[in-house]
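Here's the structure we're looking at; comments come further down.
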Amino acid sequence: MRIDRALESFRLNASAVDRLLEFDRVVLDVAVSGLRELENQLESRHLHSAVPLVRNRATLLENLKTTDSLRPQYETIFNQCIVLLVSYFTSAQHTLFRDAVVAALNLNADVPASSES
């Protein structure tokens, strides 16, 4: 059914926008994980003097994520995500309308618009 395809397409597009909104958090997670791994490697090699520096950087990045202090810097990205969602929604509506008109014409439904020129 075409309605299902239009809805699934919108759902997938909206999911992509959600992933875009979370991109900064993913980057922070990767950076923190890498620093925590480095911290463990430094500890295991008894390079204790470098551990606090790495630990502090990892904690700083974790705090950025926890407090969302960088989120205001992403205002433009958030606004563009809204524009994307509206565009995807409009596209889904267009697809549904077009498919409904085609289906009505194929069924020879009594649709006043079909006789308009």
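The values are calculated or read from the model by the stated rules, or taken from the named source; none is laboratory data. These numbers come from a predicted model, not from an experiment. Ideal geometry is used to build each Cβ from the backbone, glycine not excepted, and the neighbour counts take in all protein chains shown. With ligands, DNA and RNA removed, areas are computed over all heavy atoms of the protein, side chains included. Shrake-Rupley method; radii C 1.70, N 1.55, O 1.52, S 1.80 Å.
Only one of the listed residues (38, 47, 84, 60) is closer than 21 Å to residue 16 by Cα, open to solvent by 60 Å² or more (accessible area, probe 1.4 Å) and not acidic (Asp, Glu). That residue is 84. Here is a list: 5, 36, 25. Which entry is in a helix (DSSP H, G or I) and in contact with a Lys or Arg (Cβ under 8 Å, 6 or more places away or on another chain)? The unique qualifying residue is 25. Only one entry of 17, 83 meets the criterion of being of a type outside the set (D, E, K, R), without any contact (Cβ under 8 Å) to a residue 24 or more places away in the chain, closer than 30 Å to residue 100 by Cβ and in a helix (DSSP H, G or I), and that entry is 83. Got at least one residue in region 47-55 being closer than 24 Å to residue 11 by Cβ, among the charged types (D, E, K, R) and assigned to a helix (DSSP H, G or I)? No.
The residue list 95, 76 contains one member that is hydroxyl-bearing (Ser, Thr, Tyr), modelled with pLDDT under 95, exposed (fewer than 15 other Cβ atoms within 10 Å of the Cβ) and part of a helix (DSSP H, G or I), which is 76.
Reported count of residues in region 1-41, each being closer than 23 Å to residue 83 by Cβ and not aromatic (Phe, Trp, Tyr), is 20.
Quick check on region 63-70. Is at least one of its residues on the phi > 0 side of the Ramachandran plot, under 19 Å from the mean Cα position of the chain (by Cα) and not hydrophobic (A, V, I, L, M, F, W, C)? Write out each step before concluding.
As a first pass, look at region 63-70 and keep what is on the phi > 0 side of the Ramachandran plot: 68.
Within this subset, residues satisfying the condition of being under 19 Å from the mean Cα position of the chain (by Cα) are 68.
From the residues that got through so far, the ones that are not hydrophobic (A, V, I, L, M, F, W, C) too are 68.
Within region 63-70 (the criterion being on the phi > 0 side of the Ramachandran plot, under 19 Å from the mean Cα position of the chain (by Cα) and not hydrophobic (A, V, I, L, M, F, W, C)), the answer is yes, since at least one residue qualifies.
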